[in-house]
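So the structure is just underneath, and the comments pick up after that.
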Amino acid sequence: MRTLQDPTQPMIAVRDLHFRYGDHHAVRGVSLEVQPGEVYALLGTNGAGKTTTLELIQGFRRPVSGSISVMGVDPRANQALIRRRTGAMLQEAGFFPELTVRSTVRLWSELSSRVDDVDSIIERVGLSHKRTTRVQSLSGGERRRLDLAVTIWGSPDLIILDEPTTGLDPASRMTLWSLVRQLRDHGTTVVLTTHQLEEAESLADRVAIMHQGKVAVSGTLDEVLATEPARVTFDVAVAAGTGWLADHPRGVAFSHREVRRPHGARMEVQVSGADPVANLRWLLDAAARSRVDLERLRANPASLEEVFLRVRSMDLMQSHDQQDSEVSA
């Protein structure tokens, strides 16, 4: 068996994982790998199975079938060993409201098997000025930083962040994002769950989106975004029409609609395809040949939101198909 010190293997390796709650098949053949020192975002629609998958990875549940390796060992059979090397930040922490920030971290230091310096950790999460403030007087963003302080206590090799910025204002969110990047830069592996897709786009090295208990799409952020076409949008005079776009390259599609702008009616056109750079070159050449002026020209890569919505629409379509099948039966 590989030891916890071997840095050449995945931090987490999941193979064909299955789990049921009675008759409900919550996790259906999930396979994924998380490499050391990366931020991995595990996303999913409601009921997709991501929370159950995380519980299985942490050894809280026993899978029906499949294998899980965390730092080279079975997390269910080696829970104490994994706990010593893992920090977890839940959506809500159970702090004592009457304790100060420093007392809270000091209490945690006495409970944890990992060793660190109380004041250094408080400074690292930007709470030095709140060291003597009671938890009940902290803002939401400050409490999340305190959550992070106890999570990163003793520099764990693996950190799991469950919706870390829910309810935070933009400034607090940016601060926490910066802390996550610092953790990654120091070699910590971070598994992140979030409903804020902008957060995943900003932080994640790799992404997996779960759907109905399976991983619907996964890969680096660029690989996942490449599953949706990039777009170029622009306005033209209504009189110009779209006939000049008819001779478009293979794999390119376009749509249009009439819109009202402050300076009058215009035709808004959207061109999509796999290669936005080539599409833009063709578009500019076609416009020049046809003497068409392109207004409000914008090149937009696909977003994680579009990929997520496509996965979600699969869920809705399958639900409708199932209902139709039941009605037909």
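The values are calculated or read from the model by the stated rules, or taken from the named source; none is laboratory data. Keep in mind that what you see is a predicted model, and the values were worked out from it rather than measured. Cβ sites come from the backbone with ideal geometry, for glycine too, and all protein chains shown count toward neighbours.
Given the condition closer than 20 Å to Val307 by Cβ, touching a helix residue (DSSP H, G or I) at 6+ places or on another chain (Cβ under 7 Å) and touching a residue at least 12 places away in the same chain (Cβ under 8 Å), answer yes or no: does some residue in the stretch 280-291 qualify? Talk me through it step by step, then tell me what you get.
The initial filter retains those residues of the stretch 280-291 that are closer than 20 Å to Val307 by Cβ, namely none.
No, the stretch 280-291 contains no residue that is closer than 20 Å to Val307 by Cβ, touching a helix residue (DSSP H, G or I) at 6+ places or on another chain (Cβ under 7 Å) and touching a residue at least 12 places away in the same chain (Cβ under 8 Å).
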Worksheet item: What is the residue count in the stretch 29-64 for residues that are crowded, with 17+ Cβ neighbours inside 10 Å and among the basic types (Lys, Arg)?
Response: 2
Item to complete: Output the residue which, of all residues in the stretch 283-316 that are among the charged types (D, E, K, R) and assigned to a strand (DSSP E or B), is nearest to Gly241 (Cα to Cα).
Response: Glu295
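Would you please name the residue that is nearest to Ser112 (Cα to Cα), looking only at residues in the stretch 144-155 that are more than 21 Å from the chain's Cα centre (by Cα) and crowded, with 21+ Cβ neighbours inside 10 Å? Give the derivation first.
Just the residues of the stretch 144-155 that are more than 21 Å from the chain's Cα centre (by Cα), to begin with: 146, 149-150, 153-155.
Checking the rest, the ones that are also crowded, with 21+ Cβ neighbours inside 10 Å come to 146, 149-150.
Numbers: Leu146: 15, Ala149: 13, Val150: 9 Å.
Among those residues, the one meeting the criterion is Val150.
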Worksheet item: What are the residues in the stretch 246-281 that are closer than 14 Å to Phe234 by Cα, among the hydrophobic types (A, V, I, L, M, F, W, C) and more than 32 Å from the chain's Cα centre (by Cα), if any?
Response: Val259, Ala265, Met267
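Please enumerate the residues belonging to the stretch 256-269 that are at pLDDT 90 or above and surrounded by 10 or more Cβ atoms within 10 Å (Cβ to Cβ). First the steps, then the outcome.
Going through the stretch 256-269, the residues at pLDDT 90 or above turn out to be 256-260, 265-269.
Scanning the stretch 256-269 gives His256, Val259, Ala265, Arg266, Met267, Glu268, Val269.
Just wondering, is there one or more residues in the stretch 117-138 that are under 30 Å from Ala208 (Cα atoms) and in contact (Cβ under 8 Å) with a residue 24 or more places away in the chain?
So the first thing to find is which residues in the stretch 117-138 are under 30 Å from Ala208 (Cα atoms), and the list is 124-125.
Checking the rest, the ones that are also in contact (Cβ under 8 Å) with a residue 24 or more places away in the chain come to 124-125.
Yes, that holds for at least one residue.
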Fill in: Given (1) in contact with a strand residue (DSSP E or B) (Cβ under 7 Å, 6 or more places away or on another chain); (2) within 23 Å of Ser103 (Cβ to Cβ); (3) of a type outside the set (Phe, Trp, Tyr), number of the condition Ile160 does not satisfy
(2)
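Quick one: which of Asp74, Asp23, Asp16 is acidic (Asp, Glu) and at positive phi? Give the derivation first.
Values: Asp74 fails: at positive phi; Asp23 fails: at positive phi.
Exactly one of Asp74, Asp23, Asp16 is acidic (Asp, Glu) and at positive phi, namely Asp16.
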Practice prompt. Keeping to the stretch 156-175, report how many residues are within 13 Å of the chain's Cα centre (by Cα) and either under 20 Å from Pro75 (Cα atoms) or not assigned by TED's automatic domain parsing to the domain that holds Ala41 (or both).
Written response: 3
Fill in: Hey, Gln182 under 19 Å from the mean Cα position of the chain (by Cα) and either modelled with pLDDT of 90 or more or under 19 Å from Leu304 (Cα atoms) (or both) or not
yes
